[in-house]
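> Sending over a structure as structure tokens; questions will come in a sec.
The values are calculated or read from the model by the stated rules, or taken from the named source; none is laboratory data. None of the values given here were measured: they were computed from a predicted structure. Please note: Cβ atoms are built from the backbone with ideal geometry, for glycine as well, and neighbour counts cover all protein chains shown. For the accessible areas, the whole protein counts, side chains as well, though only heavy atoms, and no ligand, DNA or RNA atoms are used. Shrake-Rupley method; radii C 1.70, N 1.55, O 1.52, S 1.80 Å.
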Amino acid sequence: MQTVAVLSLKGGVGKTTVVLGLASAAMRRGVRTLVVDLDPQCNATAALEPEKTAKGLTDVLADPSPEVLRAAVTSSSWGDEVDVLVGSEDAEDLNGHQPDGGHLSRLQDALSELDELIAEGQLPYQLVLLDCPPSLGRLTRSALVAADRALLVTEPTIFAVSGVQRAFEAVQAERANNPDLQPLGVVVNRVRPRSHEHQYRIDELRDIFGPLVMPVALPDRLAVQQAQGACMPIHQWGTPGAREVSLAFNLILARTLRSGRIRRPEPEDEEEDFVEEAE
Ligand SMILES: Nc1ncnc2c1ncn2[C@@H]1O[C@H](COP(=O)(O)OP(=O)(O)OP(=O)(O)O)[C@@H](O)[C@H]1O
Ligand SMILES: [Mg+2]
């Protein structure tokens, strides 16, 4: 199981979009995926339209036992390949300062239980995507304690460099608690390819963060909002804009899978075809 935390310093830059896009690419590729909605806004949960569950994220963080975990995880409306650990609006209460040090490791405990259930063949996931709330607060930190990869999202704007820098610092700081954690890269989202300003900002990010900046950026396309509004995977939306965004997600997923420990379900040469197709 590979666990990827998707985070940013700023709100509204595309974390949930990246989580949904990667889940969509994984679904197309037959990689069984669990989306964990850590955001009290519950946007990922809403977009994936899960069945009603008896438990949610806050229950799992209060009691990370296999029983509670199973009661909080359900299938999405997308299909069998993508499940959801449903978000809780009251998770906001956990995001502030907690005098007792809080329960930063509870998510890690829950994901360890999940790993055991997978090892026993009771759950099928190969990829776990953690959709973080819009801050580097406690919930995001608990994701960094639990994850083995951190994927940073930014827009190509004037404050991108400082935002990414601070997010990297948060990742570095959390490595003291979680030595397995590694930065996977920076996804630049909502790029307008003909914008000189955007190109300038991307170049600036590349100068500073080098190959950590994903070689493919996500274009700004209405299809992203349309597919999310219709609760559909972007790969099934079918417009030229959706195809463009889907191919970018294929490449980001390929890089994610390459960076991790998960075994590909397809034959050896499949990834090359997959990347070629995306290029
Ligand atoms: N590449 C894109 N093209 C067009 N619209 C986009 C793109 N990426 C994101 N959006 C839209 O921008 C809005 C914010 O995106 P999203 O919800 O993914 O950001 P977020 O970082 O998860 O926000 P929050 O910090 O509130 O959780 C959404 O309406 C989404 O549909
Ligand atoms: Mg979000």
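Conditions (1) part of a strand (DSSP E or B); (2) of a type in the set (G, A, S); (3) over 19 Å from the mean Cα position of the chain (by Cα); (4) within 16 Å of ligand 1 (Cβ to nearest atom), marked per residue:
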position	(1), (2), (3), (4)
G96	no, yes, yes, no
L111	no, no, no, no
L117	no, no, yes, no
V153	yes, no, no, yes
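> Search the stretch 30-48 for residues being open to solvent by 10 Å² or more (accessible area, probe 1.4 Å) and more than 16 Å from ligand 1 (Cβ to nearest atom), and hand back the single one that is nearest to the chain's Cα centre (by Cα).
Step by step, filter the stretch 30-48, then rank; the result is R32.
> Could you check, for the stretch 235-243, whether at least one of its residues is surrounded by fewer than 21 Cβ atoms within 10 Å (Cβ to Cβ), of a type outside the set (G, A, S), in contact with a His (Cβ under 9 Å, 6 or more places away or on another chain) and without any contact (Cβ under 8 Å) to a residue 24 or more places away in the chain?
yes
> Here's something else I'd like to know. Run down E92, E67 and say which single residue is over 30 Å from A217 (Cα atoms), within 16 Å of ligand 2 (Cβ to nearest atom), open to solvent by 50 Å² or more (accessible area, probe 1.4 Å) and assigned to a helix (DSSP H, G or I).
Testing whether each residue is over 30 Å from A217 (Cα atoms), within 16 Å of ligand 2 (Cβ to nearest atom), open to solvent by 50 Å² or more (accessible area, probe 1.4 Å) and assigned to a helix (DSSP H, G or I) leaves just E92.
> Mind checking whether some residue in the stretch 244-254 is free of Cβ contacts under 8 Å to residues at least 12 places away in the same chain and either within 16 Å of ligand 2 (Cβ to nearest atom) or over 17 Å from R192 (Cβ atoms) (or both)?
No; the residues of the stretch 244-254 include none that is free of Cβ contacts under 8 Å to residues at least 12 places away in the same chain and either within 16 Å of ligand 2 (Cβ to nearest atom) or over 17 Å from R192 (Cβ atoms) (or both).
> Right, here's the next one. From the list M232, M214, which residue is open to solvent by 30 Å² or more (accessible area, probe 1.4 Å), within 16 Å of ligand 1 (Cβ to nearest atom) and under 30 Å from Q108 (Cα atoms)?
The match here is M232.
> Just to be sure I understand the filter: pairs with C-beta atoms under 6 Å, separated by 6 or more residues or on different chains, first member in the stretch 5-16 and more than 13 Å from R190 (Cβ to Cβ), second member of a type in the set (V, I, T) and surrounded by 24 or more Cβ atoms within 10 Å (Cβ to Cβ). Which pairs pass?
Filtered contacts from the stretch 5-16: V6/V18; V6/V19; L7/T140.
> How many of the residues in the stretch 135-162 are closer than 12 Å to L7 by Cβ and surrounded by fewer than 20 Cβ atoms within 10 Å (Cβ to Cβ)?
2
> Answer with yes or no whether G21 is at pLDDT 95 or above and either open to solvent by 30 Å² or more (accessible area, probe 1.4 Å) or within 16 Å of ligand 1 (Cβ to nearest atom) (or both).
It is true that G21 is at pLDDT 95 or above and either open to solvent by 30 Å² or more (accessible area, probe 1.4 Å) or within 16 Å of ligand 1 (Cβ to nearest atom) (or both).
> Based on this model, can you work out whether D148 counts as acidic (D, E) and under 17 Å from the mean Cα position of the chain (by Cα)?
In short, yes.
> Name the pairs: first residue in the stretch 209-229 and over 19 Å from A23 (Cβ atoms), second residue within 16 Å of ligand 2 (Cβ to nearest atom) and open to solvent by 30 Å² or more (accessible area, probe 1.4 Å), Cβ to Cβ under 6 Å, at least 6 apart or on different chains?
Within 6 Å, the pairs are D220/R190.
> Do you know which residues across the stretch 1-16 are outside any strand (DSSP E or B) and touching a helix residue (DSSP H, G or I) at 6+ places or on another chain (Cβ under 6 Å)?
Correct list: M1, S8, L9, K10, T16.
> How about the stretch 119-140: which of its residues are among the charged types (D, E, K, R), under 14 Å from the mean Cα position of the chain (by Cα) and under 20 Å from A176 (Cα atoms)?
none
> Checking the structure you have, find out if any residue of the stretch 73-87 is crowded, with 18+ Cβ neighbours inside 10 Å and assigned to a helix (DSSP H, G or I).
No - not one qualifying residue is present in the stretch 73-87.
> Within the stretch 163-191, track down each residue that is open to solvent by less than 10 Å² (accessible area, probe 1.4 Å), among the aliphatic types (A, V, I, L, M) and in a helix (DSSP H, G or I).
V164, A167, V171
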